[in-house]
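Asker: The structure follows.
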Amino acid sequence: MIRCAFVLLLSSFASLMAQGDTWVGTRVKYAHRWGNTAFDGSEILGGYRSDAVTGVAVDAGGNVYVAGRTYSKAFPSSTIEPPTIPAPHARGFVGKLKPDGSDFAWLANWDQCGVNAMTVDASGNLIVAGATHVTHGDAFLAKYDASGSLLFTRTLSGIPTAIALDTSGNIFVAGTTYSSEYPTTPGALQQTRKNASTALGTGFVTKFDPTANTLLYSTYLGGSQLTEIHAMTVDAAGFAYLAGTTTSADFPTTDGALQPLISGTAGSENSDGFVAKLDLTGGRLVFSTLLGGSAPDSVNAIAVDSSGASYVAGSTKSADFPVTSGAFVTTRPGASSAFVSKLSPSGAALSYSTYYGDSASVASIAVARNGWAFVTGETSGELPVWVAIQPSYYGGSCYYYTPSGSNPYGEYTCPEAFLAAFNENGSGLAVSTYLSGTGKKSGLALAVDAQSNIYVGGRGALVPPTTSFSSTDGHAFLLKLGPGSRPPMFTRQSITNAANFSTGLPLPGGAASAFVGDLARTDNVSVKVDGVSAPLYVVTSGQINFQVPFDIAPPLSSVEVAQGDAVASVRGLKSLLTAPAIFTYDGAHGAIQHGLDYRLVTASAPAERGEVITIYLTGLGTTTPPVKSGEVVPLTPLSWTTLAPTVWIGGQTAEVLFSGLTPGTFGLYQINARVPESVAAGDVQVQVGLPTIEDETLFLRPPVSRISRPVLIPVR
């Protein structure tokens, strides 16, 4: 007879308390992904080819608008004829989603360009700007009405990166131009290009009337070296706020500026970010300041609150970037970092300034009514997590490709998208979560509606923990998140096998433990692995023990833990590569029984040489005949493991008589093995191994040895 009883050890896991008074958690309300097939029919593999949502906007009625670029046949068909734009480079798209996010109310494709920026007015008119080339190319400005009818298109001689409106519907466009003939207006701040003798770009800011027929003002903004405007916003009074980067020692700053001079040495090896406010005529800087340290810095995003305070974010390599006392992080986390800073309405002082994340960069920022600053971007390193729907860095494998885009020749870790929210004084996080998926992931666009729902758009095949409708595979994403219950707190490192708590999922069918925090109760808890419900053994406030379902889809697996509408998930668990694990009864000695009378093998009842013993373990994988996940294993027929394990006792190979699931249990395996006759007396080591397997998730497919950690068995 083959039988066993075992106890899964329980452990506590620290609970975290969320900050703030608006969100108590983060809930996915819907998610959408688009595209993945290039025009030539090959898969999007890397390089410059990537679908992306580059703009998100929400109108007063809660309607959501998106814009971006795509190379994909799989992108939804346009419901509106595209305008004619010269020289193909990419397909731009703009569209209005239905209120539930399930589909487009209308969608327009621009067949030969990409859309870089967008905004929406009070009447639901959508204004977009884009370009046909990455640099030096033709650019456009376009306006659609609320039903998707194209009202006008205008050409631009610069690369627009930002667009905004004032309360009268006047249109502001900003970006970078390489032209010395960009149209400027009399009385403008800079009517000529200061770096005309170079091939470097300089900033531009142009204000049109609502029809874009009249230039209300137009000016360059820059110095004698490179200047790029990355972001712009307009306040209720009609003042334009600009943000970007410059290498110019003579970039125009104002008296009393927070930082009047560039840090370090000006030129191509160093850059500082800048923040500037332009007056209503475009002829004077209300304030202008540089922002940076002695290494390259860039301000990529800007938002303004009702008081006129400006919130900026971007990336820095400076260990001496200006941060403030009491800010969330005051020491650079890695060789590079994101930053989030709040400037006073005069631009002369920092209300707060903080680093955020290792190897991170912010692309977009939005400010909620309670003063929280939401940011999105990408990271190639570790972030602090808080109220996270995806609390672990996944990354995955990205590849370098030959120019044809068909042959990989190298591998690197993909960047990961993220969403974070800083509290009103920058001292702590209200939300911080990865946004995992496959390929290169970047958060590029962000919007906040009146109900504090957050809309994040970007690139990458995002895999949120839950969706309200089916998503297609793709490389552009839009995600709506809103207030909800606090998600369970766990990471990839806290997913373990249930025998020795080593990190990683056991093979399908095995017993696993998830160490969690922020479980409000122990009821209404569920676990999914690769979307398949996992049978539960026991749930405590700090730990969930579950069986890995047999019918999952390795080699990479995801784990989702939910309690009601509070959901969190982690990805990239290499479940096929993990080793078996032997249960112990005291942390060192194996859970091993005598084969004849089922007594536990202990120092007072040691195993005999030549005796058959039963070793209890997890992580041996599929069996024949199969047993359904969560079902009690029958006594007959015995369910043998598909893989034949090797057992070593005291360093010697032991004869295996049976390897399979233990009858009367689920998720528990046993091996009946004979103790070798020549094993030494005393405490000796026992190990179990499975055949070596290649890591198919890595470019060179290295072999992985799957041998359990040793446990002890007394022998006499």
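Asker: Answer yes if at least one residue in segment 527-539 is modelled with pLDDT under 95, farther than 19 Å from residue 580 by Cα, outside any strand (DSSP E or B) and not assigned by TED's automatic domain parsing to the domain that holds residue 621, and no otherwise.
Answerer: There is at least one residue in segment 527-539 that is modelled with pLDDT under 95, farther than 19 Å from residue 580 by Cα, outside any strand (DSSP E or B) and not assigned by TED's automatic domain parsing to the domain that holds residue 621.
Residue-by-condition table, conditions (1) closer than 24 Å to residue 114 by Cβ; (2) under 35 Å from the mean Cα position of the chain (by Cα):
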| site | (1), (2) |
| --- | --- |
| 143 | yes, yes |
| 160 | yes, yes |
| 163 | yes, yes |
| 169 | no, yes |
| 182 | yes, no |
| 185 | no, no |
| 191 | no, no |
| 194 | no, no |
| 204 | yes, yes |
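Asker: A follow-up question, please. Please go through segment 300-358 and give me each residue that is of a type in the set (A, V, I, L, M) and in a strand (DSSP E or B), ordered by number.
Answerer: Narrowing segment 300-358 to residues of a type in the set (A, V, I, L, M): 301-304, 309, 312-313, 319, 323, 327, 329, 335, 338, 340, 343, 348-350.
Of everything in segment 300-358, those that are of a type in the set (A, V, I, L, M) and in a strand (DSSP E or B) turn out to be 301, 302, 303, 304, 312, 313, 338, 340, 343, 350.
Asker: What is the number of the single condition among (1) within 22 Å of residue 200 (Cβ to Cβ); (2) surrounded by fewer than 23 Cβ atoms within 10 Å (Cβ to Cβ) that residue 286 does not meet?
Answerer: (1)
Asker: Just give me the residues in segment 135-172 being more than 23 Å from residue 363 (Cβ to Cβ), part of a loop (DSSP other than H, G, I, E, B) and among the hydroxyl-bearing types (Ser, Thr, Tyr), in sequence order.
Answerer: Kept after step one, since they are more than 23 Å from residue 363 (Cβ to Cβ), are these residues of segment 135-172: 138, 143-155, 157, 166-170.
Then drop every residue that is not part of a loop (DSSP other than H, G, I, E, B), which leaves 138, 145-149, 157, 166-170.
Hits for segment 135-172 are 147, 149, 157, 167, 168.
Asker: For segment 145-195, name all the residues that are of a type in the set (Val, Ile, Thr) and surrounded by 15 or more Cβ atoms within 10 Å (Cβ to Cβ).
Answerer: Filtering segment 145-195 for residues of a type in the set (Val, Ile, Thr) gives 153, 155, 159, 161, 163, 167, 171, 173, 176-177, 184-185, 192.
Selection gives 153, 159, 161, 163, 171, 173, 176, 177, 184, 185.
Asker: Among 675, 679, 688, which is within 39 Å of the chain's Cα centre (by Cα) and either of a type in the set (S, T, N, Q) or surrounded by 18 or more Cβ atoms within 10 Å (Cβ to Cβ) (or both)? Working first, answer last.
Answerer: Details: 675 fails: within 39 Å of the chain's Cα centre (by Cα); 679 fails: within 39 Å of the chain's Cα centre (by Cα).
Unique residue meeting the criteria: 688.
Asker: What number of residues in segment 492-532 are hydroxyl-bearing (Ser, Thr, Tyr) and surrounded by fewer than 19 Cβ atoms within 10 Å (Cβ to Cβ)?
Answerer: The total comes to 4.
Asker: Also, I was wondering about something else. Filter segment 660-716 down to the residues that are of a type in the set (Asp, Glu) and closer than 22 Å to residue 557 by Cβ and list them by number. Spell out the reasoning first.
Answerer: Quick first cut of segment 660-716, residues of a type in the set (Asp, Glu) only: 677, 683, 694-696.
The answer is 694, 695, 696.
Asker: Here's another thing I want to ask about it. Could you pull out the residue among 329, 312, 340 that is out of contact with any Leu (no Cβ under 6 Å at 6 or more places or on another chain), farther than 18 Å from residue 245 by Cα, aliphatic (A, V, I, L, M) and surrounded by 18 or more Cβ atoms within 10 Å (Cβ to Cβ)?
Answerer: The unique qualifying residue is 329.
Asker: Among what's in segment 447-476 and is over 18 Å from residue 377 (Cα atoms) and among the small types (Gly, Ala, Ser), pick the residue that is modelled with the lowest pLDDT.
Answerer: 470
Asker: From the set of residues in segment 691-704 that are part of a strand (DSSP E or B) and free of Cβ contacts under 8 Å to residues at least 40 places away in the same chain, which is surrounded by the fewest Cβ atoms within 10 Å (Cβ to Cβ)?
Answerer: Our first condition is that a residue be part of a strand (DSSP E or B); within segment 691-704, this holds for 691-694, 703-704.
Filter once more, so that each one left must be free of Cβ contacts under 8 Å to residues at least 40 places away in the same chain: 692, 694, 703.
Values: 692: 10, 694: 14, 703: 8.
Result: 703.
Asker: I need a count of the residues in segment 552-587 that are under 27 Å from residue 614 (Cα atoms) and out of contact with any Asp or Glu (no Cβ under 7 Å at 6 or more places or on another chain).
Answerer: Taking segment 552-587 and keeping what is under 27 Å from residue 614 (Cα atoms), we get 575-587.
Retained after the next criterion (residues that are out of contact with any Asp or Glu (no Cβ under 7 Å at 6 or more places or on another chain)): 575-576, 578-587.
Residues that pass the stated criteria total 12.
Asker: Would you confirm whether any residue within segment 236-251 is surrounded by fewer than 22 Cβ atoms within 10 Å (Cβ to Cβ), assigned to a strand (DSSP E or B), among the aliphatic types (A, V, I, L, M) and modelled with pLDDT of 95 or more?
Answerer: no
The values are calculated or read from the model by the stated rules, or taken from the named source; none is laboratory data. Predicted, not measured: the structure shown is a model, and the values here were computed from it. FYI the Cβ positions are ideal-geometry reconstructions off the backbone, even for glycines, and counts take in every protein chain you see.
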